[in-house]
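Only the coordinates and a few stated rules stand behind these numbers; no lab work does. Just so it is clear, the structure is predicted and the values come from calculations on it, not from any experiment. Every residue, glycine as well, gets a Cβ built from its backbone with ideal geometry; the counts of neighbours run over all protein chains shown.
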Amino acid sequence: MSCERAFQPELRNKAGVVLSNNDGCAIARSQEAKDLGVKMGTPYFELEKMVEHGDLWFRSSNYTLYQDMMRRVTGIVCEMWPEMEIYSIDESFVDLSLFHAHDLQAMAVVLRERILQQTGIPVCIGIAPTRTLAKVANRTAKKFFKATGVCVLDDDSRTAFALEHMPIEDVWGIGPKNAAKLIKIGVNTAKDFAAINNYEYVCKRFTITGLRTWYELNGQSVLGMEYLPPDKKGICTGRSFGEKTDDYHVIEDALCAFVQNSAPKLRKQGSFCGQLQVFLQTSQFEVVHKIKSAAYHMDLAIPTNITQELLRYAIECLKRIYRPGYPYQKVGIFMTKLTPANAGQMYLMEDNERREKMLKVSKLADRLNGMLGKDMVRFAAMGYDKPWKMRQGYLSKRYTTRIEEVLVINPFIFS
């Protein structure tokens, strides 16, 4: 939302939403949109009337722009506080234990001003002894300290104030089911939950995740920093088509594109895929046909991370589940049973020299795509037309990564 407004100032102070893949529903809302009653996940067609009346604007998800702006923001943060964990595309945690002797409030205000000046992105900063309390502090800053955008929970009175004004359903780690249980027993805020003094009760009723949240709200840190993301146990890639299709070749092109996007992730973390699953889905609103989804998995005799081999296995799986005449809306691939590549076993009856050459080709494609841009080098099975490409009818420009989409300022000429 802030990225869109940074380059389109006419959208500021107006209600707006960012739509999901294929412009399906609202996945991000401005505060003005929330005040209008727009809920997370509101379908696109329910928003159209509000847009027609001029009450709301919306944009398609512009992942390229958002990721690049996130990179710029985190780069500025690292200059001041280098011990950082990137938690999501719009949120990071920082370890400030080395700065305990500094004025953290003043440092945070300076950092926020620097980010706003250099990127145009308004951020809020919450500082607290634990990660969960830092989330509470961040929300408190957004709601009660808009002038500075900073909230530091460094004493009991401030912490109590922040917890008292945090609804239990909004606490990080609680979830809707546990929130419903807590509300039934009269626990409506984070302060109420932190005040429960029965360890065994919390552990029994709300599992280990709820217990960790309880500890964190009481100022005891149990969630450590993750400076490097852990290796994935499975890699899944799949998207809905812009338009439903029963054309096998279109579906195969999309599947091959997802394989080529997933294989470099295997190689980057040094893993082999031991099992590969392909799934096909029709629309959940499709009532004409009985088949809603189909999947087929294949255990690989020789685990691999070579794109050419994964493409061959994926196409074979697709052929087993595809049925002509069904309006398919989504295809995807799931790679699991991952094992370390450095623990791979050589096979006596396999042409290991040929496989080594194929792996070099895959790695070369990774490097070229990293230098020249995504899919600049591709395997022929992907095709080129991309008729399956997801619908993005309201996509803003990629202002920071495409030279042809950079903002152009018309100069004034004085005579």
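Relative to the longest principal axis of the Cα atoms of the chain, the long axis of helix 248-268 makes an angle of roughly 60 degrees. Across the options 119, 208, 145, the greatest Cα extent toward the positive end of the charge dipole of the range 69-218 (unit charges at beta carbon of Lys, Arg, Asp, Glu) belongs to 208. In the chain, the longest principal axis of the Cα atoms and the axis of helix 199-217 are about 80 degrees apart. When +1 charges are put on Lys and Arg Cβ atoms and -1 charges on Asp and Glu Cβ atoms, the dipole computed for the range 89-234 relative to its Cα centre reaches about 540 debye. Alpha carbon centre of the range 319-396 versus the range 188-229: separation in Å? Using only Cα atoms to place each centre, the spacing works out to 41 Å. Springs join every pair of Cα atoms under 10 Å in this Gaussian network model of the chain, and among 356, 169, 309 the largest mean-square fluctuation is at 356. Exposure proxy ranking for 78, 25, based on other Cβ atoms within 10 angstrom of each Cβ and starting from the fewest, stands as 78, 25.
By the Kirkwood approach, averaging reciprocal distances over each pair of separate Cα atoms, the chain gets a hydrodynamic radius of 25.0 Å. Distance from the alpha carbon centroid of the range 294-311 to that of the range 1-56 works out to 41 angstrom.
Helix 175-184 and the longest principal axis of the Cα set of the chain meet at an angle near 40°. Here the chain is assigned +1 on the Cβ of each Lys and Arg and -1 on the Cβ of each Asp and Glu. Its dipole about the Cα centre then comes out at about 680 debye. Taking every DSSP beta bridge that has both ends in the chain, the antiparallel portion is near 85%.
Looking only at the range 2-61, where both bridge partners belong to it, what percent of the DSSP beta bridges are antiparallel (to the nearest 5)? Rounded to the nearest five, the antiparallel share is 50 percent. Calculated from DSSP H runs of 4 or more alone, at -39500 (n - 2.57) each and per residue, what is the 222 nm mean residue ellipticity of the chain, nearest 500? Calculated at 222 nm, the ellipticity per residue is -13000 deg cm²/dmol.
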